[in-house]
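A.B. asks: Please read through the structure below; I'll follow up with questions.
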Amino acid sequence: MSMQQDMSKELQMHAEPAVYVYEAPIRIWHWINAFAIFTLALTGYFIGQPPPSIPGEPTFTFLFGYIRFFHFAAGYILLIGFLFRVYWAFAGNHHARQIFLPQVWRKDFWEGVVHELKWYFFLAKEPKKYVGHNPLATLIMHIMFVWGTIFMIVTGLALYGEGTGMGTWQYDWFSSWVIPLFGQSMDVHTWHRVGMWWIIIFVIVHIYAAVREDIMSRQTIISSMISGWRNFRDPSRKPGDEI
Amino acid sequence: MQATETFYDVMRRQGISRRSFLKFCSLTAAAMGLGPQYASQIAHAMENKPRIPVLWLHGLECTCCTESFIRSAHPLAKDVILSMISLDYDDTIMAAAGHQAEEALKDVVENYKGNYIVAVEGNPPLNEDGMYCIVAGKPFTEQLRYATEHCKAIISWGSCASYGCVQAARPNPTRATPVHKVITDKPIIKVPGCPPIAEVMTAVITYMLTFDKLPALDRVGRPKMFYSQRIHDKCYRRPHFDAGQFVESFDDENARKGYCLYKVGCKGPTTYNACSTIRWNEGVSFPIQAGHGCIGCSEDAFWDKGSWYARLQDIKAFGAESNADTVGTAAAAAVGTAVAVHAAASVVKRVAQKKGE
Ligand code: HEM
Ligand code: SF4
Ligand code: SF4
C-alpha cells in the first residue's frame, strides 16, 4: 500500500476533510519539549558565555549555579520526554513513527521530497497534501531533530557525568566513552555547543515552515499540534491528489 | 647487582633509618588514597620483594617531568625512588655515561626479561626515520622499541609520552607520536601533565613497585586515584563560579578579590588532574591560586585548542579565531536570512496569485 493510498483511506473515514493526526501524548510532549529546548538553549548559551559578574557574598549568591541547575533540569525533561516519545513511536498511531523511520527505501518518498523541494523553490504550483509530515519535513525532522536530540542527550549526559563522577551511571554509561571518542572534555563541550546551534537552526526552519505551510498549503499545521486535527481548507483536494 | 636485593635493602644502604622508612610507607599509602592499614602492607612488600628495576628513557621532551619529580614534597620519597631508579638507567640523573650507561640498559633488558618497568619521558618523533631525536647514536624510536620489548609495563610520563604535547602541535613537523601509538602490545599507564605533579609521580611508581601491579586505570589509561576528578571539582574558587562571580579581565577588581577565572579561559572544568588537591611545590600553591587559569596541561591536545584565555575553544576547520558561537551565529544568520528571503518571495508569489485569480 502506498503512502498516499494509505492516507486517502484514512480520510474516507471522516466526512469532513479533517484527520486526527497528533494524539494527545504527542501534543503534550511537543510543547514540553519545545519549552525544554528553549530553556536548554538559553541556559546553555550562558554556560559558555556567562552573564556579567554579580557582586556580593558568594554564600548568598548562586546565579551561575541556578543557570546550570535549570539546564540540567531541562536536560532531564528533554531526556525523559524523548524516551517517552520513542516509546510512543511504537505505542501510538502510525504518524507517531514517521519522524523516526523516514521511508527512504521507497521511491515515492523521494519523489515527494523532490516535489516539496520544487514547491519551496517556487517551481511547483501547489504542494501535495499529506496527513502527517510531508517527506521533506520528515527527512529534516529525522536528521536534524531526532539525531540532533540524541546527540545532545548523549553529549549532555557525558558532560553531566563529569560532575557526578566515576561510578555513577552518567559517567560509566556516557562520559567514560564519549569523552575519549571526542578527544577530551573540551571537545565534548565544543560539540555540545555546536549541537545547540544545529538545534537552533532546526527550530528556525521548523517554525518558519510550520507558519508558512499553515498559510500557503491551505491545511492546518500549527493548530493541529494543539487540537490534534489536521483540517484541509480546500475540500476539493484530498491529501495525495496530484496537482 | 644482586637479584635478591629488596627495596628496603636499597634504602638502608642509602642511609635511610627504619623510622623514616615507615614514615615513607604511611605517606605513600595516604597519597594513594589507601587506608592506614596499607602502610604496613607497603612496608612488608618493600622489605621482602626483590627490587624491580626501572629504566627511565628520555625521548623528545624538555625534562620538566624529571625536574618535577626531583622536587617531590617528601624528600625521602624522591630520594628513595630516585636512587632505586638511577641504579639502572636515567640519562639525566644517573652517574654512568656513554657506553657504560648503554651497558646498564642492556644489562637490565637482558637479565630481567619480563620483569622490569620502562618509564618514558617524552615521545618518539617518527618522521625521517626518527632522526629528530637521537639517543646514543640511534633514533630514540629504536631505543624505545628495544627497551620495551621485554618489559613488564610502561609508564608514560607527562603529556609528551601520553599525548604528544607541544612538539606534536599542528602541523607536527617531526611527527612526534605518543608512546601508546608506537608500542601497542604492553600495558601502559599514562601520567599526563606538563609536567605531572611530583607526588603523583612518586606515588604511581611506588604503587607499582610495592604492589607489583598497575594501579586502577580509567579508560584513557590514567591512574584513577589522581585523575578521576577535574581541577574544577576541588577548586577553592568554585563558590565564586557557582555564584556567578568571575574575573572579567586580568588585574580588574574581581581578580583582586580572587573570583573564578572561568571567563578568562580557565580550563579547570575540563581538566582531569590533582593540582587543586595536592598542589605544587610541596603543596605551596597551584596556578589558579596564583591568579592564572588552568591551561589544561594534562589533557590531550591542550596545545591546539586556541587561546588559553578564552572559554570557548577554536574550531580550526573554520579558520583561526572561530569558535562554536561564531560558527553557529554565522550559520543561524545565513539560515535566518534565507528564511526571510523565502518568506518575502512567498508573499510576492501569493500576491501575484491573488491578482491572477
Ligand atoms: C537541545 C538540547 C541542549 C542544548 C541546546 C544544550 C546546550 C548547551 C550549551 C550551549 C552548553 C554550554 C557548552 C559550553 O560552552 O561549555 C551546555 C552545557 C552542558 N549541558 Fe547542555 N544542552 C542540551 C541538552 C543537554 C542535556 C540533555 C543534558 C543532560 C543532562 C545537558 C547537560 C549539559 C551539561 C552537564 C553541560 C556542562 C555544564 C558545565 O560545564 O557547567 N545538556 N549545554
Ligand atoms: S577558577 Fe577555574 S577551576 Fe576554579 S572554579 Fe573557576 S573555572 Fe573552575
Ligand atoms: S592547574 Fe591545570 S595547567 Fe596548571 S598544572 Fe594543573 S592541570 Fe596543568
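A.B. asks: Please list A:113, B:220, B:351 in order of solvent-accessible area, largest first, computed with a 1.4 Å probe with all protein chains present.
C.D. replies: Ranked list, largest accessible area first: B:351, B:220, A:113.
A.B. asks: What residues in segment A:142-169 lose 50 Å² or more of accessible surface when the other protein chains are added to their chain alone (1.4 Å probe)?
C.D. replies: Listed by number, the residues meeting the 50 Å² cut-off are A:162, A:166.
A.B. asks: Based on Cα coordinates alone, diagonalise the gyration tensor for the protein assembly as shown, multiply each eigenvalue by 5, take square roots, and list the semi-axes in whole Å, largest first.
C.D. replies: Here the semi-axes work out to 61, 26, 22 Å.
A.B. asks: Under a 10 Å cutoff between Cα atoms, tell me which one of A:190, A:155, A:61 has the largest fluctuation in the Gaussian network model of chain A.
C.D. replies: Result: A:61 has the largest fluctuation of those listed.
A.B. asks: Report, in deg cm²/dmol and to the nearest 500, the calculated mean residue ellipticity at 222 nm for chain A, where each DSSP H run with n ≥ 4 adds -39500 (n - 2.57) and the sum is divided by the residue count.
C.D. replies: -20000 deg cm²/dmol
A.B. asks: Work from the charge dipole of segment B:179-324 (Cβ charges, +1 for Lys and Arg, -1 for Asp and Glu, about the Cα centre) and give the residue of B:216, B:255, B:197 farthest towards its positive end.
C.D. replies: Value computed over the given set: B:216.
A.B. asks: May I pose another question? Considering every residue in B:231-237, what mean count of other chain Cβ atoms within 10 Å of its Cβ is obtained?
C.D. replies: 1
A.B. asks: Suppose every K and R has +1 on its Cβ and every D and E has -1 on its Cβ; what is the size of the dipole of the protein assembly as shown about the Cα centre, in Debye to the nearest 20? Please list the in-between numbers first.
C.D. replies: Values: 57 positive and 53 negative charges, 309 e Å.
For this selection, approximately 1480 debye.
A.B. asks: Heavy atoms only, probe 1.4 angstrom, no DNA, RNA or ligands counted: give me B:349, B:113 ranked by accessible area, highest first.
C.D. replies: Ranked list, largest accessible area first: B:113, B:349.
A.B. asks: Here's something else I'd like to know. Based on alpha-carbon centroids, what's the gap between segment B:213-256 and segment A:88-131 in Å, whole number please?
C.D. replies: The distance from the Cα centre of segment B:213-256 to that of segment A:88-131 comes to 49 Å.
A.B. asks: Tell me, what ³J(HN,Hα) does each residue in segment B:231-238 have, in order and in whole Hz, if you take phi through Karplus 6.51 cos²θ - 1.76 cosθ + 1.60 with θ = phi - 60° and put x for Gly and Pro?
C.D. replies: For segment B:231-238, the Karplus-derived couplings read 3, 4, 5, 10, 6, 6, 8, 4 Hz, x marking Gly and Pro.
A.B. asks: Could you order B:13, A:193, B:219, A:97 by accessible surface area, starting with the largest, using a probe radius of 1.4 Å?
C.D. replies: B:219, B:13, A:97, A:193
A.B. asks: Determine how many Å³ per residue the convex hull of the Cα atoms of segment B:89-183 encloses.
C.D. replies: So the per-residue hull volume is 89 Å³.
A.B. asks: Also: Cα-Cα over 22 Å: which of B:152/B:224; B:190/B:213; B:186/B:234; B:106/B:224?
C.D. replies: From B:152/B:224; B:190/B:213; B:186/B:234; B:106/B:224, over 22 Å: B:186/B:234; B:106/B:224.
A.B. asks: Going toward the positive end of the dipole of segment B:223-357, with +1 on Lys and Arg Cβ and -1 on Asp and Glu Cβ, which of B:268, B:323, B:294 do you reach last?
C.D. replies: B:323
A.B. asks: How big is the A/B interface in buried accessible area, both sides summed, 1.4 Å probe, to the nearest 100 Å²?
C.D. replies: Buried area between the two chains comes out at roughly 4100 Å².
A.B. asks: How many Å² of accessible area per residue for the protein assembly as shown, probe 1.4 Å?
C.D. replies: Solvent-accessible surface per residue comes out at 45 Å².
A.B. asks: From the square roots a ≥ b ≥ c of the eigenvalues of the alpha-carbon gyration tensor of segment B:231-311, which class results: rounded (a/c under 1.5), prolate (a/b over b/c), or oblate? Please list the in-between numbers first.
C.D. replies: Values: a/c = 1.64, a/b = 1.14, b/c = 1.43.
The shape class here is oblate.
A.B. asks: Using a Gaussian network model on chain B with a 10 Å cutoff between Cα atoms, which of B:35, B:296, B:193 fluctuates the most?
C.D. replies: Comparing B:35, B:296, B:193 in the GNM, the peak value goes to B:35.
A.B. asks: In addition: Which net charge results for the neighbourhood of residue A:142, defined as the other residues with beta-carbon distances under 15 angstrom from its beta-carbon, given Lys and Arg at +1 and Asp and Glu at -1?
C.D. replies: Around residue A:142, the surrounding residues sum to +2.
A.B. asks: What size of dipole, in debye to the nearest 20, comes out for chain B about its Cα centre when the only charges are +1 on Lys and Arg C-beta atoms and -1 on Asp and Glu C-beta atoms?
C.D. replies: It comes to approximately 1300 debye.
A.B. asks: Moving to a separate point now. Hey, what do the phi angles of segment B:289-300 turn into as Karplus ³J(HN,Hα) couplings, whole Hz, using 6.51/-1.76/1.60 and θ = phi - 60°, x for Gly and Pro?
C.D. replies: 5, 7, x, 10, x, 5, 9, x, 5, 9, 10, 4
A.B. asks: Let me ask you something else. What are the residues of segment A:182-202 that lose 50 Å² or more of accessible area, with a 1.4 Å probe, going from their chain alone to all protein chains?
C.D. replies: A:184, A:186, A:190, A:197, A:201
A.B. asks: Counting other C-beta atoms within 10 Å, and keeping those with at most 13, which DSSP coil trypsin sites (Lys or Arg not before Pro) do you find in segment A:103-144? Mind showing how you got there, number by number?
C.D. replies: Details: sites: A:106, A:107, A:118, A:125, A:128, A:129; in loops: A:106, A:125, A:128, A:129.
Those satisfying the criteria are A:106, A:125.
A.B. asks: Place a +1 charge on the Cβ of each Lys and Arg in segment B:1-73 and a -1 charge on the Cβ of each Asp and Glu, then give the dipole magnitude about the Cα centre in debye, rounded to the nearest 20.
C.D. replies: Its charge dipole is roughly 320 debye.
A.B. asks: Helix check for chain B. Which DSSP H runs span at least 27 Å along their own axis by Cα, with a mean Kyte-Doolittle hydropathy no less than -0.5? Walk me through the intermediate numbers first.
C.D. replies: Details: long enough: B:324-356 (47 Å, 0.62).
Helices meeting the span and hydropathy rule in chain B are B:324-356.
A.B. asks: Leaving out ligands, DNA and RNA but keeping every protein chain, what accessible area does residue B:212 have, in Å² rounded to the nearest 10, with a 1.4 Å probe?
C.D. replies: About 70 Å², ignoring ligands and nucleic acids.
A.B. asks: I'd like the distance between the alpha-carbon centres of segment B:174-202 and segment A:137-176, rounded to an integer number of Å.
C.D. replies: 30 Å
A.B. asks: Okay, next question. Can you give the mean number of other chain Cβ atoms that lie within 10 Å of the Cβ atoms in peptide A:38-49?
C.D. replies: 1
A.B. asks: For every other residue with a beta carbon closer than 11 angstrom to the beta carbon of residue B:294, add +1 if it is Lys or Arg and -1 if Asp or Glu, then tell me the sum.
C.D. replies: Net of charged neighbours comes to +2.
A.B. asks: Only Cα pairs under 8 Å and at least 6 apart count here; give the relative contact order of chain A as a rounded whole percent.
C.D. replies: Across chain A, relative contact order equals 27 percent.
A.B. asks: Kindly report, to the nearest 10 Å², the accessible surface of residue B:146 as traced by a 1.4 Å probe over protein heavy atoms only.
C.D. replies: 90 Å²
A.B. asks: Could you pull the accessible area for residue B:185 with a 1.4 Å probe, rounded to 10 Å²?
C.D. replies: It works out to around 120 Å².
A.B. asks: Here's something else I'd like to know. Picking from B:119, A:59, A:109, whose Cα lies most toward the positive end of the charge dipole for the protein assembly as shown (charges on Cβ: Lys, Arg +1; Asp, Glu -1)?
C.D. replies: My answer, from the dipole projection, is A:109.
A.B. asks: Another one. Let me have the relative contact order for chain B, percent, based on Cα pairs under 8 Å that are six or more residues apart.
C.D. replies: For chain B, the relative contact order is 13 percent.
A.B. asks: Average partner chain C-beta neighbours within 10 Å, per residue of B:264-271? Please list the in-between numbers first.
C.D. replies: Numbers: counts 0, 0, 0, 3, 0, 7, 10, 3.
The mean count of partner-chain Cβ atoms within 10 Å per residue comes to 3.
A.B. asks: Pick from B:179, B:166, B:200: which is most flexible by mean-square fluctuation in a GNM of chain B where alpha carbon atoms under 10 Å apart are linked?
C.D. replies: B:166
A.B. asks: How large, in Å, is segment B:2-227 by the Kirkwood hydrodynamic radius built from its alpha-carbon pairs?
C.D. replies: 17.6 Å
The values are calculated or read from the model by the stated rules, or taken from the named source; none is laboratory data. Bear in mind that the values here come from a model prediction, so they are computed numbers and not experimental data. Every residue, glycine as well, gets a Cβ built from its backbone with ideal geometry; the counts of neighbours run over all protein chains shown. The area values use the complete protein model at the heavy-atom level, side chains included, leaving out ligands, DNA and RNA. Shrake-Rupley method; radii C 1.70, N 1.55, O 1.52, S 1.80 Å.
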